[in-house]
Amino acid sequence: MTYAWPPSREFWNDEFPAKTDARTAPHLFKGLIPSSAASPSDVLGGFTAIRHAYAADTQTKAKARVYVGEERRDDLLPEVLTASAWPEGGFVKWMQSVVDAERFSLVINNLETVSPPLAKGLGTFLASLFDGWGVPLGGAEQVAFAGNYAGTAFGVHEGYEDAFLTRSASPPSGGCFPSSSSSGSARSPPCPSRACPPTTE
């Protein structure tokens, strides 16, 4: 199925509730968010901006976290932020080398604050959602996950907010760069909360 971009008010008020059992069950809306709105290169570009800000001792609203397996590793974050840049198409191997582990997750909150392309693409998505449903009381947050895993360190869990998961195509070297936006959390596979996931693949 082909969806209009951005999603229409009719999509949010009619089709979305119909396919999600009145916003209580997950449904895959394949191709709802085009890759131009959230791409791996945008995520990596935003992460590069965070690394530059860290090197310049400049504060940003974007916050990165590193996980090795299921364990949060704050001790590795400075090294991830200061290591030499990864080669073209080599982000996953670079991260594995920096954290000295096979399986890792890089989680970045508010990445859109340092990535104008993500701010524009996901902002367009949220504007259409707000037009259909209004602004959520809890606001909205975008979180990006990058890693080489079948599931994040957070595992399957129920959240307290609607979460829209978007999965961008993997880079040539493997890995996964999903982003999400909504009134809360991001990619907590397979479905963290009540109304999941419009997805691009």
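The values are calculated or read from the model by the stated rules, or taken from the named source; none is laboratory data. These numbers were taken from a predicted model, which means no experiment stands behind them. Positions of Cβ are backbone-derived with ideal geometry, glycine not excepted, and every protein chain shown enters the neighbour counts. The protein model used for the area step is the full one, side chains on, heavy atoms only, and it has no ligands, DNA or RNA in it. Shrake-Rupley method; radii C 1.70, N 1.55, O 1.52, S 1.80 Å.
The figures follow:
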| read-out | value |
| --- | --- |
| Stretch gain in nm, segment TYR160-VAL135, where the contour uses 0.36 nm per residue and the Cα spacing is subtracted | 7.4 nm |
| The stretch 1-138 - accessible surface per residue (Å², probe 1.4 Å) | 54 Å² |
| Under-5 Å amide H pairs with PHE104, H placed in peptide plane, nonlocal only | GLY69, ASN148 |
| Semi-axis lengths (Å, descending) of the ellipsoid that matches the C-alpha gyration tensor of the stretch 1-137 | 34, 17, 14 |
| Karplus-derived HN-Hα couplings along the stretch 101-109 (A = 6.51, B = -1.76, C = 1.60, θ = phi - 60°), whole Hz, x at Gly and Pro | 7, 6, 9, 9, 9, 10, 10, 10, 7 |
| HN-Hα J in Hz across the stretch 122-133 - Karplus 6.51, -1.76, 1.60, θ = phi - 60°, x for Gly and Pro | 6, x, 4, 4, 5, 4, 5, 5, 4, 5, x, 10 |
| Förster radius 41 Å - calculated FRET efficiency between ALA55 and ALA18 (Cβ-Cβ, nearest 0.05) | 0.25 |
| Sites TRP5 and ASN110, calculated FRET efficiency, Cβ-Cβ separation with R0 25 Å, nearest 0.05 | 0.60 |
